[in-house]
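Notes to accompany the following structure.
The values are calculated or read from the model by the stated rules, or taken from the named source; none is laboratory data. What you are looking at is a predicted structure, and each value in this text was computed from that prediction instead of being measured. Cβ coordinates were reconstructed from backbone atoms using ideal geometry, including for glycine residues, and neighbour counts include every protein chain displayed.
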Amino acid sequence: MRRNILTYKAPPNNEGYDLICIHPDPRTVTRQIRIQVKSRYASDSHLGFPVKEKSLDAFDFLIAAFLNIGNFWSKKLDAELEPTFYTFPVGFIKKHHDKTSSWEKVRFAKNHNLDEYKDAKGFELIARRLRIPYPARPL
């Protein structure tokens, strides 16, 4: 993963998280970070994704990967865009979780500003939690 965060795939059929992140320095005592990953292929998908309420205590962050490979719902087919990643802390997911629907989705309003969780800024949240310093050239 970016930012020198050592990231490993969780064992198959593991409930609640998909990745485990740790500090790259073996002498640094730190806990692991559990990541759940949700992905969307369509460029015209909304910023919602299903998350079961029972899994909310099984991860520390959720990364929503919007792959943007083209429009699926509208007739305009040329909407291939760069992928976008959002890294949300579990507290943020709990705040926006809608358990009333059968899909138990996390939903955001169209005007919701998610810039602080987007791409590199979001990955930085994990690096800070693990206390990984920003890489610098040796002097």
Inside region 1-32, can you point out the residues that are farther than 17 Å from Val90 by Cβ and outside any loop (DSSP other than H, G, I, E, B)? Arg2, Arg3, Asn4, Leu6, Thr7, Tyr8, Lys9, Ile22
How many of the residues in region 92-139 are within 30 Å of Pro26 (Cβ to Cβ) and of a type in the set (S, T, N, Q)? 0
Please tell me if Tyr86 is outside any helix (DSSP H, G or I), among the aromatic types (Phe, Trp, Tyr), modelled with pLDDT of 95 or more and closer than 30 Å to Pro135 by Cα. no
Testing Lys94 on (1) more than 30 Å from Pro135 (Cβ to Cβ); (2) in a loop (DSSP other than H, G, I, E, B); (3) at pLDDT 90 or above, one condition comes back false. Which one is that? (2)
Those residues of region 96-134 which are closer than 17 Å to Ile22 by Cα and surrounded by 10 or more Cβ atoms within 10 Å (Cβ to Cβ) amount to Gly122, Phe123, Glu124, Leu125, Ile126, Ala127, Arg128, Arg129, Leu130, Arg131, Ile132, Pro133
With modelled with pLDDT under 85 and of a type in the set (D, E, K, R) as the only criterion, which of Arg131, Arg107 stands out? Arg107
